[in-house]
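Student: I have a structure I would like to understand better, so I am pasting it below and will then ask my questions one at a time.
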Ligand SMILES: C[S@@+](CC[C@H](N)C(=O)[O-])C[C@H]1O[C@@H](n2cnc3c(N)ncnc32)[C@H](O)[C@@H]1O
């Protein structure tokens with residue numbers, strides 16, 4: 001992708017979880033759902049040292065960048081992103097509502113690390129709290145299983161999209177999953193670029209975006 005070609009990056013990157021006991025609250029996953037290699041889905045071996053410099057290169061000056069993570073990966077991501085040149089604005093909290101059992105308090109939230117490149121530009125709705133309480137409800141497929149085990153709510157992504165971009169601007173999510181950020185962009189009149197390695201998730205994301213656009217045009 002060309003330098004300075006996107007207005008906003010919002011992503012929920014894959015990360016390895018430890019195989020022996022510490023899921024680090026991986027998207028609210030129970031330990032039984034994490035396989036022996038510490039994976040919740042097939043592709044989760046990309047380190048942020050690979051993508052942080054690319055994010056910085058392709059984001060426009062003054063653009064915002066949101067990265068979702070858990071406490072296990074927090075320090076590494078903060079170190080790498082700030083070394084890359086990003087300015088760390090603050091961490092938002094996604095209050096998921098549901099709680100996952102653990103030895104050191106039950107887990108109920110995830111971090112959304114909020115960075116900017118270059119000059120600071122305020123968000124569009126400064127009245128938004130930095131604690132975002134959006135229920136963690138996953139979409140089920142026809143077989144009754146989750147479409148994606150770490151799917152994020154569209155409403156959550158929509159808050160970030162609306163606060164850090166304008167209509168017709170380009171939003172990027174390089175780890176699309178089943179397309180929550182893409183749907184939030186479609187709902188709010190933004191353009192969207194996304195990447196997803198797993199063909200199954202890619203197909204689901206495309207179908208969901210097509211459906212969203214069809215419904216928007218119809219009503
Ligand atoms: C945490 S999930 C994102 C879920 C997404 N936020 C949603 O709501 O559906 C991360 C996704 O990144 C994908 N992924 C892993 N490595 C990738 C890569 N190198 N390029 C693109 N996608 C990748 C995984 O297949 C997985 O679906």
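A short reminder: the numbers here are calculations on the coordinates, not readings from a lab. All values reported here derive from a predicted model rather than from experimental measurement. Here Cβ is always computed from backbone atoms with ideal geometry, including for glycine, and neighbour counts include all displayed protein chains.
Student: Among (1) surrounded by 14 or more Cβ atoms within 10 Å (Cβ to Cβ); (2) without any contact (Cβ under 8 Å) to a residue 60 or more places away in the chain, which single condition is residue 121 missing?
Tutor: Going through (1) surrounded by 14 or more Cβ atoms within 10 Å (Cβ to Cβ); (2) without any contact (Cβ under 8 Å) to a residue 60 or more places away in the chain one by one, residue 121 breaks only (1).
Student: Further question on the same structure: State which residue pairs qualify: first residue under 17 Å from residue 86 (Cα atoms) and touching a residue at least 12 places away in the same chain (Cβ under 8 Å) and inside segment 64-75, second residue more than 14 Å from the ligand (Cβ to nearest atom) and assigned to a loop (DSSP other than H, G, I, E, B) in any location, beta carbons under 6 Å apart, and separation of 6 or more residues or different chains.
Tutor: Matching pairs, first to second residue: none at all.
Student: Quick one: how many residues across segment 84-100 are without any contact (Cβ under 8 Å) to a residue 12 or more places away in the chain and outside any strand (DSSP E or B)?
Tutor: The number of residues fulfilling the criteria is 0.
Student: Being within 16 Å of residue 67 (Cα to Cα), touching a strand residue (DSSP E or B) at 6+ places or on another chain (Cβ under 8 Å) and surrounded by fewer than 16 Cβ atoms within 10 Å (Cβ to Cβ) narrows it down to one residue among 159, 131, 112; which is it?
Tutor: Criteria check complete, one pass: 131.
Student: Can you name the residue in segment 74-84 that is surrounded by 15 or more Cβ atoms within 10 Å (Cβ to Cβ) and in contact with a helix residue (DSSP H, G or I) (Cβ under 8 Å, 6 or more places away or on another chain) and is also farthest from residue 119 (Cα to Cα) among such residues?
Tutor: This residue is 77.
Student: Here's another thing I want to ask about it. In segment 191-213, how many are touching a residue at least 60 places away in the same chain (Cβ under 8 Å) and within 20 Å of residue 4 (Cβ to Cβ)?
Tutor: 1
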